[in-house]
Amino acid sequence: MKIAVIGSGAMGSLFGAYLGSGGHQVTLVDVWAEHVEAVNKGGLTIEEQDGPRTFRVPAVTNPGSLGPQDLVIIFVKSYHTARSIENALNLFGKETLVLTLQNGLGNAEVIAGMAGGVAVLAGTTSHGATVLGPGRVRHAGAGETVIGLISGKTDRMEEIASEFTRCGLETRVTGNIAGLLWGKLLVNVGINALTAICGVTNGRLVEMENTLKLMKMLLEEGEAVARALGVDLPYTEVFEKVKSVAAATGANRSSMLQDMDRGRPTEIDYINGAVVREGLKAGVPAPCNRFVTLLVKALEEKNRK
């Protein structure tokens, strides 16, 4: 397959490297010029648990020179989705599939509205990866990837899952992608903003009485919104599930905390902010999530100034 990976930071680079090593014609697309230059010059080095591996995969900062692809994978930050799709419309042909593995809600709908009627898949992945520098990524842990159809029609989902698995990215298809995306969202709702506000790792959240209280309040609102919308969540005890995820990833600094540390915009509008927006549609208030959203945005503004 011809595959373009838009947003080739840690996770995009990891997926691109594995799919390229499996024989697919992969191109990494990213605006980080130093990373693109390093990948083209010396290869993409993935630090695995058993040592480094170097992959040869081409990278570009501008996808304008590429033709229609069989598969386009989107990994950009949610607030860059629309612009990234606008700059890459040449990648979408009649048979192109688009797969978003981004955080938050709403990305698939933006893509479907801009990409000319192509079939849009969405999914979640349990792989963990961190950028170490230009051309270097640490693969922190492997896990399952699950995908499902959001819009359009295709009979290629099982083929995509099979090829991902063959290339070392264990993948399966689900018929409940909405539930899976909401399940992932609620994990982020309960963890990311609190780590960013408090400046702590995931594990500290379950060690402090008041962060646990806040986590429960945020999750109760999120779960109420999901159930009002008729979402079939993948687990029943949401609070217990999110606590277990926080504990299991105890040493991790969430992506929102990393963004805050670096003075970059966060994805708060697409996580806790999404609960607020979806709550308005469902007639379910979410004042705690609204407060946390505004607080994170206030901290972003402080950092910018």
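We did not get these values from a lab; they are worked out from the coordinates using the rules stated. Note that the coordinates shown come from a computational prediction; the quantities given were computed from them, not determined experimentally. No Cβ is skipped: glycine too gets one built from the backbone with ideal geometry, and neighbour counts run over all protein chains shown.
Tabulated data for the structure shown
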| read-out | value |
| --- | --- |
| Cα centroid of the range 242-305 to Cα centroid of the range 98-118, whole Å | 21 Å |
| Whole-Hz ³J(HN,Hα) from phi, Karplus 6.51 cos²θ - 1.76 cosθ + 1.60, for the range 247-259, glycine and proline x | 5, 5, 10, x, 7, 6, 9, 4, 4, 5, 5, 4, 4 |
| For Glu158, Glu170, order by how many other beta-carbon atoms lie within 10 Å, fewest first | Glu158, Glu170 |
| Relative contact order [Cα under 8 Å, 6+ residues apart], the chain, whole percent | 14 percent |
| Mean ellipticity per residue at 222 nm, deg cm²/dmol - from DSSP H runs of n ≥ 4 across the chain, formula -39500 (n - 2.57) | -14000 deg cm²/dmol |
| Sorted by Cβ density within 10 Å, fewest first, the residues Phe291, Phe92 | Phe291, Phe92 |
| Dipole moment magnitude, nearest 20 debye, the range 178-304 about Cα centre, only Lys, Arg, Asp, Glu C-beta charged | 240 debye |
| Arg262 versus Thr154: modelled label distance in nm, points set 7 Å from Cα along the beta carbon direction | 2.8 nm |
| Point-to-point label distance, Thr236-Glu144, nm (Cα→Cβ direction, 7 Å offset) | 1.9 nm |
| Virtual spin-label span in nm between Asn40 and Glu220, 7 Å along Cα→Cβ | 5.5 nm |
| Ascending count of other beta-carbon atoms within 10 Å, so fewest first, for Cys288, Cys198 | Cys198, Cys288 |
